[in-house]
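The values are calculated or read from the model by the stated rules, or taken from the named source; none is laboratory data. The model shown is predicted, which means the values in this text are computed figures rather than measured ones. Don't worry about glycine lacking a Cβ; one is built from the backbone with ideal geometry, like all the others, and counts go over all protein chains shown. In case anyone asks, the SASA skips ligands and DNA or RNA and just uses the protein heavy atoms, side chains included. Shrake-Rupley method; radii C 1.70, N 1.55, O 1.52, S 1.80 Å.
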Amino acid sequence: MKLQFTKSKRLYKTAQGLMPGGVNSPVRSFNAVNGTPVFIAKAKGAYTYDEDGNKFIDYMSSWGPLILGHADPDVVREIKKAAEKGTSYGAPCENEVSIAKLIVKSFPGIDMIRMTNSGTEATMSSVRLARAYTKRDYIVKFEGCYHGHADYLLVQAGSGATTFGTPSSPGVPKSFTDKTLLAKYNDIDSVERLFKKYGDKIAAVILEPVAANMGVVPPQKGFLKSLRKITKRAGALLIFDEVITGFRLGMGGAQKAYGVVPDITCLGKIIGGGLPVGAFGGGKDIMSMVAPVGPMYQAGTLSGNPLAMAAGIATLTKLNQRGNYKKLKELTENLVEGLQDIITKLEIKASINSVESMFTLFFTDPAPHDYGSALTSDTKKYSKFFENLLCAGIMFPPSQFEAVFLSLSHTERDVNKTLNGLYRSLKNL
Ligand SMILES: *Cc1c(COP(=O)(O)O)cnc(C)c1O
């Protein structure tokens with residue numbers, strides 16, 4: 001069956017004249033898979049419906065936030081209730097206290113938190129905080145790790161940047177990234193070398209504890225622990241960007257799952273339940289640097305927005321119900337194992353990296369362990385695969401270098417249907 005995308009194509013044409021690439025965030029343009037974007041009209045549970053009435057089993061989950069699925073009834077009810085009481089106050093409200101309590105209780109590395117409006121703001125402020133606290137300027141980031149689009153973090157940043165083959169971006173003065181040092185993910189020697197040279201000038205090492213913006217790439221055994229050791233020894237801070245892994249890998253994120261506690265944690269995505277949000281937190285002494293208690297300025301007109309807080313609280317509360325993470329993991333394992341069987345059977349050069357309820361199918365083998373190996377993937381093949389899958393009513397992320405996210409709305413039946421679609425899509429490559 002061939003799907004029609006008439007209305008999406010028409011909207012796209014108009015949108016292109018009004019917005020760069022017709023979109024408000026680059027990867028949505030489907031450029032990375034040589035396609036034209038599908039305009040979504042509505043979404044419910046595990047499904048999205050486009051403007052032409054096509055239905056998709058959705059595995060983008062809005063790039064991670066929607067771990068309960070689309071339009072979860074409890075989340076929607078709480079957003080409605082909050083909206084009735086006003087959409088923003090510019091003054092504190094109880095929901096901010098409630099979500100702070102939930103997050104502090106869950107994350108070993110967070111005693112105090114500051115909410116922001118996006119993950120970008122969270123990472124940007126976390127770096128400022130680390131610099132203010134240590135009185136040092138340099139930061140270490142890893143090739144292929146994405147931390148939002150702040151100037152000095154947009155260096156070899158994976159995700160959309162990888163997709164478009166622009167490792168950084170024009171408009172970022174060289175002097176802005178002078179203090180950003182690059183290391184290789186899962187390569188502790190590359191970090192040691194930087195510390196040998198810049199040791200007492202490094203304010204922080206920032207990373208995704210499980211990389212998910214070069215496709216999913218898990219940390220190798222001992223990698224996170226070694227980073228903890230090196231930073232502690234050098235008096236530098238360790239920043240975990242858990243914007244994806246926070247509440248995806250369990251209630252305590254990657255830091256609990258891997259038993260490594262960072263000095264500063266960045267959150268976003270899931271904690272906003274699908275509304276715009278971000279947050280950064282850490283120990284009391286570090287967070288006491290933040291204004292108005294301390295001198296490090298950070299602010300936001302809509303930060304701690306009552307609607308976003310309500311959606312976040314509803315999401316985290318439901319997620320925390322017994323058995324939910326186990327269910328998510330089992331469902332993902334079924335899908336991943338089934339997919340692995342298909343790859344083996346069809347003798348396709350591909351591999352899968354999978355952590356809890358997220359994974360990436362790479363068109364390369366063996367499975368990538370860093371940015372360089374991720375880039376050996378056959379992106380042309382991925383594009384074709386993506387298109388085949390889309391026409392089978394299944395929406396994977398429109399780029400090789402992104403993660404597939406399952407939600408609690410996905411069922412065994414969805415997974416079986418998806419495996420059928422995956423088989424046909426891979427067979428027809
Ligand atoms: C999505 C993401 C960000 C940026 O969050 P935005 O809300 O898009 O600004 C930062 N870090 C990681 C790891 C992300 O996946």
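Let's test the formula: R0 of 35 Å, r as the Cβ-Cβ distance of Lys326 and Asp111. What FRET efficiency results, to the nearest 0.05? Rounded to the nearest 0.05, the efficiency is 0.75.
Have a look at the DSSP beta bridges in the chain and tell me what percent are antiparallel, nearest 5.
In the chain, DSSP labels about 60 percent of beta bridges as antiparallel.
Shown for the chain is the translational diffusion coefficient from the Stokes-Einstein equation, using the Kirkwood radius over Cα pairs, a temperature of 20 °C and a viscosity of 1.002 mPa s: 97 µm²/s. Spacing of the modelled spin labels on Asn416 and Ala91, each 7 Å from Cα toward Cβ, amounts to 5.6 nm. Counting only protein heavy atoms and a 1.4 Å probe, the range 210-337 has 37 square angstrom of accessible area per residue.
Of the solvent-accessible surface of the chain, computed with a 1.4 Å probe over protein heavy atoms with every protein chain present, carbon and sulfur atoms account for 53 percent. For Lys381, a cut-off of 17 angstrom between C-alpha atoms picks up these aspartates and glutamates, skipping any fewer than 8 places away in its own chain: Glu347, Asp365, Glu402.
Taking θ as phi - 60° and the Karplus parameters 6.51, -1.76 and 1.60, the scalar couplings of the range 401-406 work out to 9, 10, 9, 7, 10, 8 Hz in sequence order, x denoting glycine and proline. Among Lys9/Lys44; Lys80/Lys101; Lys269/Lys349; Lys9/Lys318; Lys141/Lys174, which pairs are too far apart, with a Cα-Cα distance over 27 Å? Beyond 27 Å: Lys269/Lys349; Lys9/Lys318. Between Tyr47 and Asp58, His70, the built amide H atoms are under 5 Å apart, and every one of these is 5 or more places off in sequence or on another chain. Each label point was placed 7 Å from the Cα along the Cα-to-Cβ direction; for Thr317 and Thr301 their separation is 3.0 nm.
Grab the DSSP H runs of the chain that are 4 residues or longer, score each as -39,500 (n - 2.57), total them, divide by all residues and round the 222 nm result to the nearest 500 deg cm²/dmol.
-11500 deg cm²/dmol
At an R0 of 30 angstrom, the distance between the Cβ atoms of Arg424 and Lys42 translates into a FRET efficiency of 0.70. Loop sites by DSSP among the trypsin sites (Lys or Arg not before Pro) of the chain, restricted to those with at most 14 other Cβ atoms within 10 angstrom, leave 222-321 as the longest stretch without any of them.
Residue separation of Asn24 and Arg10 scaled by 0.36 nm, minus their Cα-Cα distance, works out to 3.3 nm of gained length.
Derived scalar couplings between HN and Hα for the range 363-377 equal 8, 7, 8, x, 4, x, 10, 7, 5, x, 6, 5, 5, 6, 5 Hz in order, rounded to whole Hz, by the Karplus curve 6.51 cos²θ - 1.76 cosθ + 1.60 (θ = phi - 60°), x for Gly and Pro. Among residues other than Thr6 with Cβ under 10 Å from its Cβ, the summed charge is +1 (Lys and Arg +1, Asp and Glu -1).
Apply the a/c threshold of 1.5 to the C-alpha gyration tensor of the range 329-403 and tell me whether it is rounded, prolate or oblate. Here the range 329-403 falls in the rounded category. For the pair Gln340 and Asp74, label points projected 7 Å from Cα toward Cβ lie 3.2 nm apart. The listed residues His410, His70, once ranked by accessible area (1.4 Å probe) with the largest placed first, stand as His70, His410.
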